[in-house]
Amino acid sequence: MFTPGARQRRWWIRADVNFCAATFAAGKPSCAPPWSRPEPYFLEHCNGCGECIAACAHGLIARGSGGYPEIHFGHGACSFCGDCARRCPEGALVYASSRPPWDIRAGVTAQCLTHQGVECRVCGEQCEAGAIRFRFAPGGVAQPQVDPAVCNGCGACVAPCPVQAISIYHAREQGAGHANPVEEVVCT
């Protein structure tokens with residue numbers, strides 16, 4: 001079970017990226033559940049009870065390294081129902097319909113089939129928010145383009161991608177001088 005000694009900060013990335021757990025499963029770090037409190041508060045109050053994991057009807061939340069809950073978009077999309085946060089007995093997750101659940105967004109990497117001249121629109125078909133549009137490319141295949149102002153970070157586009165070309169990043173990274181923000185993967 002989860003012990004107070006497991007609350008070690010060594011598995012958290014500390015740069016300007018808030019809340020990115022460095023539990024390199026498959027070589028990629030993962031994300032905390034929606035409506036997670038700021039990192040120091042979360043680390044202090046999350047006791048690893050698993051209530052948020054049990055509450056997630058989509059099976060997106062799993063116990064990660066150190067016993068803390070983390071999101072895995074390979075299982076589907078977050079519906080933002082808030083059940084995980086409402087079940088948290090310690091207040092490490094706090095549901096608030098007045099604020100976004102997190103600041104993560106989707107991006108398309110160079111692995112995308114369209115960059116190789118293959119027609120694919122799976123990600124756009126899965127995006128209920130309409131954040132993924134396809135830009136016409138004269139003489140070529142239309143290229144996916146994610147509008148970060150529309151993307152809610154639900155992850156619906158991640159699992160169905162046949163070549164795993166969808167990455168999740170913190171929205172604030174895009175404006176922080178990152179040439180290609182989708183290289184800053186935070187969720188799998």
Self-check item: Selection count where residues are surrounded by 21 or more Cβ atoms within 10 Å (Cβ to Cβ) and part of a loop (DSSP other than H, G, I, E, B), scope the stretch 131-150
Solution: 1
Quiz item: Does Ser97 satisfy the condition of being closer than 30 Å to Leu43 by Cα, surrounded by fewer than 14 Cβ atoms within 10 Å (Cβ to Cβ) and among the small types (Gly, Ala, Ser)?
Solution: yes
Self-check item: Among residues of the stretch 83-140, those that are within 21 Å of Pro162 (Cα to Cα) and either in contact with a helix residue (DSSP H, G or I) (Cβ under 7 Å, 6 or more places away or on another chain) or basic (Lys, Arg) (or both), counted
Solution: 10
Self-check item: Cβ-Cβ under 8 Å pairs, at least 6 apart or on other chains, the stretch 25-40 side in a loop (DSSP other than H, G, I, E, B), far side at pLDDT below 85
Solution: Ala26/Thr188; Ala32/Phe19; Ala32/Ala21; Pro38/Asn18; Pro38/Phe19
Quiz item: Are any of the residues in the stretch 72-93 charged (D, E, K, R) and touching a Gly at 6+ places or on another chain (Cβ under 7 Å)?
Solution: no
Practice problem: Among the candidates Arg86, Arg105, single out the residue that is of a type in the set (Lys, Arg), under 26 Å from Ile61 (Cα atoms) and at pLDDT below 95. | Solution: Arg105
Quiz item: List pairs: first in the stretch 55-76 and surrounded by fewer than 20 Cβ atoms within 10 Å (Cβ to Cβ), second of a type in the set (Lys, Arg), Cβ under 7 Å, 6+ apart or cross-chain?
Solution: Ala55/Arg87
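The values are calculated or read from the model by the stated rules, or taken from the named source; none is laboratory data. Note that the coordinates shown come from a computational prediction; the quantities given were computed from them, not determined experimentally. Cβ sites come from the backbone with ideal geometry, for glycine too, and all protein chains shown count toward neighbours.
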